[in-house]
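To start, the structure itself, in structure tokens.
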Amino acid sequence: MSDQTNARKIEHIRAIEQDALTDRQGNWFDRIRLTHRALPELALNQIDSSCHFLGKSLSFPLLISSMTGGDHELVRCINQNLAEAAERCQVAMGVGSQRVMFSSPEARESFALRRFAPTTVLIANIGAVQLNYGMTHTQIQQAINVLEADALFLHLNPLQEAVQPEGDTNFSGLTESIGLLQSRLQVPIILKEVGAGLSCADIQAGLEQKIRFFDLAGSGGTSWSRIEHHRRLDPDADIGLKFQDWGLPTPLALRQAEPFLDSATLIASGGIRDGIDMVKSVILGASLCGVAAPLLQPAMESADAVVAAIQKLRREYVTAMFLLGIPNTAALFRNKALIVEER
């Protein structure tokens, strides 16, 4: 590996592989119970799971959430397998942070994915805080260009940066800088948390800067705080463990964001582990559902393995719609009458 940022990518993957508890398995979606219909008055094979996002049609509202990228054969393999599967299944895909391509130019290849996914939604990714550490608008446009992206994830990760040994923690004045960047880009910015959730105040601040897309990325799934704990050299420092469950669980973040649904498009991610969780997210107002951890191991195997995992998620999603008596994704969206109990 050629530099610290590049090496960190592999360290993150190894931490996830070696510590099952980085997936917090909060099971927050299990607290939501839905209405079962014994007479759905539908044929299972006629369910329409499709949706539209960023002007493109998707087979169902799945986003392969951001994972990795860099100058290493493993991450190149992961991203290619994910991109090929995204295209074959017609689902969206976001890449991991592209900051590495500016310190390690060889990493650009791991983000040049349009050749593997010529028609589906691809989303570039840069840490918002890098706007306070010398990242230029020209560099960000390069990140978008190498992917030929439909949008840009500008990820917000104050918790991860705070517990990371080499974290960048100057988040001051960032909101205005985000607005300025959006005014200069031709693609939309999607403000994205990475596992602690976006609050109503965060969404309102984004809307005031003309941001219209938000990935809530709540707690309950992969804990980047716990992952960074494994990277600390001081074994007695447990701050990453102390904050491993910090944040807003995804269902709570969705409920709190409901007042913004007439002016904002929401993505739900963080702790979504099956098609039933996806259905619950769409009911709560999500236009897209992000999944990462369940697809990482398949992506290390082959594109076929990723396709199989995605097909399993779609079967679960469609089956849940059938059992609710819902014929299409549009009829599922914001249909809170389907919720019979929240514990």
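For segment 100-167, trypsin sites (Lys or Arg not before Pro) meeting the loop criterion (DSSP other than H, G, I, E, B) and having at most 15 other Cβ atoms within 10 Å: Arg115. Only protein heavy atoms count here; on that basis, with a 1.4 Å probe, Ser177 has an accessible area of about 40 Å².
A 1.4 Å probe, protein heavy atoms only, puts the accessible area of Asp234 near 70 Å². Straight-line reach from Lys210: which lysines fall under 25 Å, measuring Cα to Cα and dropping same-chain residues less than 8 apart? Here the lysines satisfying the reach criterion relative to Lys210 are Lys56, Lys192. A Cβ-based charge dipole, computed about the Cα centre of segment 145-261 with Lys and Arg at +1 and Asp and Glu at -1, lands at about 240 debye. With R₀ fixed at 25 Å, the C-beta to C-beta distance from Arg114 to Arg315 puts the FRET efficiency at about 0.30. For a paramagnetic label modelled on Ser103 (point 7 Å from Cα along Cα→Cβ), amide N atoms under 12 Å away belong, within segment 159-201, to 165-168.
Ordering Asp274, Asp168, Asp262, Asp215 by accessible surface, largest first, gives Asp262, Asp274, Asp168, Asp215; the 1.4 Å probe counts only protein heavy atoms, with every chain in place.
Comparing the chain with the 2.2 N^0.38 Å rule of thumb, its C-alpha radius of gyration ratio is 0.94 (two decimals).
Note on the chain: helix-only mean residue ellipticity at 222 nm, from DSSP H runs of 4+ residues weighted -39500 (n - 2.57) and normalised by residue number, equals -11500 deg cm²/dmol. Figure note: Thr175, Thr169 ranked by solvent-accessible area, largest first, 1.4 Å probe, ligands and nucleic acids not counted: Thr169, Thr175. As a ratio to 2.2 N^0.38 Å, the alpha-carbon radius of gyration computed for segment 64-115 takes the value 1.06. Computed from the alpha carbon positions, the gyration tensor of segment 217-336 leads to an equivalent ellipsoid with semi-axes of 30, 21, 10 Å, biggest first. The lysines whose alpha-carbon is closer than 23 Å to the alpha-carbon of Lys336, local same-chain residues fewer than 8 away aside, are Lys280.
The values are calculated or read from the model by the stated rules, or taken from the named source; none is laboratory data. Keep in mind it's a predicted model, so treat the numbers as computed, not measured. Backbone-built Cβ (ideal geometry, glycine too); neighbour counts: all protein chains shown. In case anyone asks, the SASA skips ligands and DNA or RNA and just uses the protein heavy atoms, side chains included. Shrake-Rupley method; radii C 1.70, N 1.55, O 1.52, S 1.80 Å.
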